[in-house]
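Trainee: Please see the structure below; I have some questions.
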Amino acid sequence: MSDQRSSAERVDHVLQSILASITPITQSEWLPILDASGRVLAQDVVAPENLPAAPVSAMDGYALSATLADAKQADSGALHLAVTGKSLAGRQLEGVADPVGAVRIFTGAVIPECYDCVVPQELVASTSSDKLVVIRREDIRKGLHVRDVGEDVRKGDILVARGQQLSSREVALLAQTGCARVLVHRQLKVSVVSIGDELRNVHQPLNTGLIHDSNRLMLLDLVHRAGAQAIDLGITPDDPASLRSALSQAASVSDLVISSGGVSVGEADHTRKVLDELGEIKFWRLAIKPGRPLAYGFIKKEDKSQTPFFGLPGNPVASYVTFLAIVRYALARRAGQDPLVTAPSIRARLLKATAKNVGRTEYLRCWLRPADDGGWNAEVMPSQGAANLLSLAQADGLVVLPHELGALEAGSWVDVINLRLA
Ligand code: AMP
Ligand code: MG
C-alpha cells in the first residue's frame, strides 16, 4: 500500500471535523410557509391549539351516546333511536342533539357534546323517513370513530423543531395548525467556480484538447436542489492571479464556495497555494474512490469573517461523489440544519463478487434489480471511470463500501444510495 493512501484521510472522520468547523449563518427572516419550503427553521414552532379543536367524526354515520345506550338498553340486542338532527363538516348542527337519540353525521363534522360514539352508516338500518334508526348493540362503543380533542396535536407540542429543513410535509402541518409564517434562516448563497484552461462553456465550440465544463452545471444544480441559492462564477483559467481574484470574489458574494478542478499536485494546480495566501487549508487527500483529492479550508474576507471553501476534484464523477459524501452536509450545516439527515440508502445484495481496497470508502455505480424475495440486488456497472458521466447518468444507485472493508463476495449485503431519489 502506498504512502499516499495511508496519508489520506478517512471520509467519515473528515466529515466530522469539517462539520465541527462550520458555523451556521445567523441571519433569519419571516416567510409565508409555502415560500419557506426548503429553508431551515430558525426557531421551534409550537402548536397554538389542540388538533382537532373539537371532537369530530371520522366516518359518515350516526352520532350517539354509548354511555347512555349502555345504561338504557343493556339487555337489548338493538337500539331504536330517533334521529333529531344533522351535522355536516363546517356547518352548524341542523335540528337538535337529543342525548337519548342520534344525529346524522358526516366525516369531519363536529360531534355534539352529548355524544361519544359514531356508528358508520353501513352498519345502521334506517327507516324510510330516516327519522328512526336501528343499531346493533355490538356496533356501539364509547369513542368509536371519534377524533378526540388534541388527538393529533396537543396545544404546546413542538410541531417543527429549529434546525429542521421544511418540506411539503411540514408545510401541510403548519397550515393545518393555522401557522401562516415561520422564522427561517435566510437562504444560503453558494458560489460555484470551475478551474481549468481546457474548460469551455456548453455553447462554445471546442478545439482539440478542450472540453465542455460539466461540473459547474452539475454543482449549480446540486446546490439548487439542496435549497441554496447557487451563484455561477464561471470558468477560471489555471493561473494563480485569476484564481486569487475568482476565489476572493466568490467569498465576498457567498456563504460557501465550491470549486472543481486544479486541486491535484500537478504544475497547473494552483488552488492550494492560492488558498494558503487567502486563508487556510484543512485537508488535501481523502481516502475515497472516486474522489481524492479534496481541498477544504477557509477564505478570509476583508471584514475578518471566513467563508468555507471546498475544492473538488476535476473528474466529474469524483466531483459528484465528493459533493454527495461531504459537501452537501457542510452546506446543510452552514444553512443551520441540525441534526443532519443522512443519505437515504437501501440495502441490496451484490450480484457479483467485487474487488475493494481496505482503507478507503468506495462508491460504485450500480443498477438496482428487483430480487425474488421482494428486495433489491445491486449490479455493479462495468464502467466506473471517474470521468464517465454516462454511467453516472445511467446508474440507479451508488453502492457504498465502507473504509475498513475488503473484497466482497457475491450475495453480500451492501448499502446503496438511491440516486433516483437523490
Ligand atoms: P484536475 O482536477 O484539474 O486535475 O482535473 C482532472 C480531470 O477533470 C481532467 O481531465 C480535467 O480536464 C477534468 N475536469 C476538470 N474540471 C472539469 C469540469 N469543470 N468539467 C469537466 N471536466 C473537468
Ligand atoms: Mg486541471
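Trainee: Report, ordered by the first and then the second residue, all pairs with beta carbons closer than 9 Å, sequence separation of six or more or different chains, a first member in segment 240-256 that is over 16 Å from ASP303 (Cα atoms), and a second member that is buried (at least 23 other Cβ atoms within 10 Å of the Cβ) and small (Gly, Ala, Ser).
Mentor: As it stands, the answer is LEU243/SER259; LEU243/GLY262; ALA246/SER259, since those pairs meet every condition given.
Trainee: Pairs under 7 Å by beta carbon, first residue touching a residue at least 40 places away in the same chain (Cβ under 8 Å) and within 22 Å of HIS403 (Cα to Cα) in segment 361-385, partner outside any strand (DSSP E or B) and basic (Lys, Arg), six or more apart or different chains?
Mentor: Cβ pairs passing all conditions: GLU362/LYS356.
Trainee: Separate question: So which of SER260, SER305, SER242 ends up being modelled with pLDDT of 95 or more and within 22 Å of SER21 (Cα to Cα)?
Mentor: After applying the criteria, what remains is SER260.
Trainee: Here's something else I'd like to know. Got a sec? Which of ILE299, ILE288 is within 25 Å of SER214 (Cβ to Cβ), in a strand (DSSP E or B) and within 15 Å of ligand 1 (Cβ to nearest atom)?
Mentor: Exactly one residue qualifies, and that residue is ILE288.
Trainee: Take GLY108 and decide whether it is within 39 Å of the chain's Cα centre (by Cα) and either open to solvent by 60 Å² or more (accessible area, probe 1.4 Å) or without any contact (Cβ under 8 Å) to a residue 12 or more places away in the chain (or both).
Mentor: no
Trainee: Next up: If ALA325 satisfies every condition in (1) modelled with pLDDT of 95 or more; (2) open to solvent by less than 30 Å² (accessible area, probe 1.4 Å) but one, which is the exception?
Mentor: In the conditions (1) modelled with pLDDT of 95 or more; (2) open to solvent by less than 30 Å² (accessible area, probe 1.4 Å), ALA325 misses (1) alone.
Trainee: All but one of (1) of a type in the set (Gly, Ala, Ser); (2) touching a helix residue (DSSP H, G or I) at 6+ places or on another chain (Cβ under 7 Å); (3) away from ligand 2 (no atom under 16 Å from the Cβ) hold for ALA295; state the number of the condition that does not hold.
Mentor: Condition not satisfied by ALA295: (3).
Trainee: Moving on. Only residues that are open to solvent by 50 Å² or more (accessible area, probe 1.4 Å), of a type outside the set (A, V, I, L, M) and in contact with a Ser or Thr (Cβ under 9 Å, 6 or more places away or on another chain): list them for segment 121-164, please.
Mentor: LYS131, LYS142, HIS145, ARG147
Trainee: Pairs only if they're at least six apart or on different chains, beta carbon under 6 angstrom, first in segment 312-334 and over 16 Å from VAL193 (Cα atoms), second assigned to a helix (DSSP H, G or I) and of a type outside the set (Asp, Glu); list them, first residue then second.
Mentor: Listed pairs, sorted by first residue: VAL317/LEU392; ALA325/VAL11; ILE326/LEU15; ALA330/ILE18; ARG333/LEU19.
Trainee: Touching a Ser or Thr at 6+ places or on another chain (Cβ under 9 Å), in the same structural domain as ALA20 (by TED's automatic domain parsing) and not aromatic (Phe, Trp, Tyr): which single residue out of PRO402, PRO313 fits that description?
Mentor: PRO313
Trainee: Which ones in segment 207-221 are within 16 Å of ligand 2 (Cβ to nearest atom) and either more than 16 Å from PHE310 (Cβ to Cβ) or touching a Cys at 6+ places or on another chain (Cβ under 6 Å) (or both)?
Mentor: Scanning segment 207-221 gives GLY209, LEU210, ILE211, HIS212, ASP213, SER214.
Trainee: Determine which member of the set SER191, SER126 is among the hydroxyl-bearing types (Ser, Thr, Tyr), away from ligand 2 (no atom under 16 Å from the Cβ), over 30 Å from VAL341 (Cβ atoms) and in contact (Cβ under 8 Å) with a residue 24 or more places away in the chain.
Mentor: So the residue among SER191, SER126 that is among the hydroxyl-bearing types (Ser, Thr, Tyr), away from ligand 2 (no atom under 16 Å from the Cβ), over 30 Å from VAL341 (Cβ atoms) and in contact (Cβ under 8 Å) with a residue 24 or more places away in the chain is SER126.
Trainee: Looking only at residues that are of a type in the set (Lys, Arg) and open to solvent by 60 Å² or more (accessible area, probe 1.4 Å) in segment 165-196, which one is nearest to the chain's Cα centre (by Cα)?
Mentor: Result: ARG169.
Trainee: Right, something else. Filter segment 49-72 down to the residues that are among the hydrophobic types (A, V, I, L, M, F, W, C) and not in a helix (DSSP H, G or I) and list them by number.
Mentor: Scanning segment 49-72 gives LEU51, ALA53, ALA54, VAL56, ALA58, MET59, ALA63, LEU64.
Trainee: Hey, another quick one. If I ask for residues that are among the polar types (S, T, N, Q) and either crowded, with 21+ Cβ neighbours inside 10 Å or modelled with pLDDT under 90 (or both), which ones from segment 29-84 would you list?
Mentor: Within segment 29-84, SER57, SER65, THR67, GLN73, SER76 qualify.
Trainee: With respect to ILE231, is the statement that it is of a type in the set (Val, Ile, Thr), within 15 Å of ligand 2 (Cβ to nearest atom) and crowded, with 16+ Cβ neighbours inside 10 Å true? Even if it seems obvious, please write down each step before you answer.
Mentor: On the way: of a type in the set (Val, Ile, Thr): yes; within 15 Å of ligand 2 (Cβ to nearest atom): no; crowded, with 16+ Cβ neighbours inside 10 Å: yes.
It is false that ILE231 is of a type in the set (Val, Ile, Thr), within 15 Å of ligand 2 (Cβ to nearest atom) and crowded, with 16+ Cβ neighbours inside 10 Å.
Trainee: Mind listing just one residue for me: the one in segment 249-283 that is surrounded by 20 or more Cβ atoms within 10 Å (Cβ to Cβ) and part of a helix (DSSP H, G or I) and, of those, nearest to ligand 1 (Cβ to nearest atom)?
Mentor: THR271
Trainee: Of the residues ALA332, ALA386, ALA395, which single one is surrounded by 16 or more Cβ atoms within 10 Å (Cβ to Cβ), within 16 Å of ligand 2 (Cβ to nearest atom) and aliphatic (A, V, I, L, M)?
Mentor: None of the others qualify; the one that does is ALA386.
Trainee: Another question about this same structure. So if I check each of HIS203, HIS224, which one is part of a loop (DSSP other than H, G, I, E, B) and either free of Cβ contacts under 8 Å to residues at least 12 places away in the same chain or more than 14 Å from ligand 2 (Cβ to nearest atom) (or both)?
Mentor: Among HIS203, HIS224, only HIS203 is part of a loop (DSSP other than H, G, I, E, B) and either free of Cβ contacts under 8 Å to residues at least 12 places away in the same chain or more than 14 Å from ligand 2 (Cβ to nearest atom) (or both).
Trainee: Of the conditions (1) touching a residue at least 12 places away in the same chain (Cβ under 8 Å); (2) more than 16 Å from ligand 2 (Cβ to nearest atom), ASP276 fails just one. Which one is it?
Mentor: Evaluating ASP276 over (1) touching a residue at least 12 places away in the same chain (Cβ under 8 Å); (2) more than 16 Å from ligand 2 (Cβ to nearest atom) leaves (1) as the failure.
Trainee: Within segment 336-358, identify whether any single residue is within 30 Å of LEU243 (Cβ to Cβ) and either within 16 Å of ligand 2 (Cβ to nearest atom) or of a type in the set (Lys, Arg) (or both), and answer yes or no.
Mentor: No, segment 336-358 contains no residue that is within 30 Å of LEU243 (Cβ to Cβ) and either within 16 Å of ligand 2 (Cβ to nearest atom) or of a type in the set (Lys, Arg) (or both).
The values are calculated or read from the model by the stated rules, or taken from the named source; none is laboratory data. These figures come from a predicted structure and were not determined experimentally. Virtual Cβ from ideal backbone geometry, glycine too; neighbours counted across all protein chains shown. These accessible areas exclude ligands, DNA and RNA; they are computed on the full protein's heavy atoms, side chains included. Shrake-Rupley method; radii C 1.70, N 1.55, O 1.52, S 1.80 Å.
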